[in-house]
Structures are given as structure tokens and as C-alpha cells.
Amino acid sequence: MVEYLRSYGSGLDVDIRTGHQVQTVTALLGEGFRITTTSGVGIAADTVIAATGGFGHPHVPGMAGFAGRIMHAADYRAPGRFSGHRVIVVGGGNSAVQIAADLTGAARVILATRGPLRPA
């Protein structure tokens, strides 16, 4: 599965990053989001999709003072509303990878995971 995802991902117009742990997500006034990793890497995005928790128990991390758009994978339906945006999909599971792949035709996508994808 990991090899399939690596192979599949290499053919997409997606910025796939592994080995980074998200430390903060900051909403920028009318400008999207700034994601900062524990290693100090900064990433800008128009939208953040949290692909964490199961569909029956979705978990969206709380962010004090946040006024922007964060959604759980369970609420994702189609890429159209993200057309022309830069989107960060957080998570390395099936849902996150499938959503990232689905968005590639409409948006500039970053797939952020805690570490390299591993075989199940």
C-alpha cells in the first residue's frame, strides 16, 4: 500500500511532505492560514482539512481565536468549492490521501503527515 501511494503521489501535482509534526495553525486575517511545524517549517494555505478521528467520532482540534475554515474529512464532499485555493490535508490515513488526490484537479494541495507513510 505504501509503495502504491508513493507511486500514485509522484504522478500528482501535490506537495507531499512527511516527517513534519504540525505545531500550530494560525488564521491570517483574510489571507488563509499559516501552519508551523515543530521543526520551524512554515506553510501557507487557503484551507486546512483535518483528517483525524473516525467518521463516527470526528475530531477537529480547537484553535483559540480561529475564524477561518477548518473541516473534518467526514464533511468533505467534492473538490469544487476549493477551486484555485491552496489546501493542506492533515493526516496520513486513507481518507486524507483520498481527499488530497481528489483535490489535485481543483486546488494546490499539501498532504501533511506525522511521518512517512507505512505499510499497514
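Data for the structure
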| read-out | value |
| --- | --- |
| Label point 7 Å beyond Cα of Asp13 along Cβ direction - residues of region 75-116 with amide nitrogen under 12 Å | 84-85, 104-109 |
| Solvent exposure ordering (accessible area, 1.4 Å, most first) of Asp15, Asp75 | Asp75, Asp15 |
| More than 18 Å apart - percent of Cα-Cα pairs taken over the chain | 48 percent |
| Region 59-110, accessible surface, carbon-and-sulfur percent (1.4 angstrom probe) | 49 percent |
| Relative contact order %, the chain, counting alpha carbon pairs below 8 Å whose residues are six or more apart | 31 percent |
| Extension gain, Gln98 back to Val60 (0.36 nm per residue minus Cα-Cα distance, nm) | 11.8 nm |
| Rounded accessible area per residue of the chain, 1.4 Å, Å² | 58 Å² |
| Fully extended contour minus Cα-Cα distance, from Ala106 to Arg69, at 0.36 nm per residue | 11.6 nm |
| Local electrostatic count at Gly93 - Lys and Arg +1, Asp and Glu -1, tallied over other residues with Cβ under 13 Å | +2 |
| Simple spin-label estimate for Arg81 and Val41 in nanometres, 7 Å along Cα-Cβ | 2.9 nm |
| Value of [θ]222 nm, deg cm²/dmol, for the chain, DSSP H segments ≥ 4, -39500 (n - 2.57) each, nearest 500 | -4500 deg cm²/dmol |
| Fraction of beta bridges assigned by DSSP in the chain that are antiparallel (%, nearest 5) | 40 percent |
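The values are calculated or read from the model by the stated rules, or taken from the named source; none is laboratory data. All values derive from a computational prediction rather than experimental measurement. All Cβ positions, glycine included, derive from the backbone under ideal geometry; neighbour counts span all protein chains shown. These area figures cover heavy atoms from the full protein model, side chains too; ligands, DNA and RNA do not enter into them. Shrake-Rupley method; radii C 1.70, N 1.55, O 1.52, S 1.80 Å.
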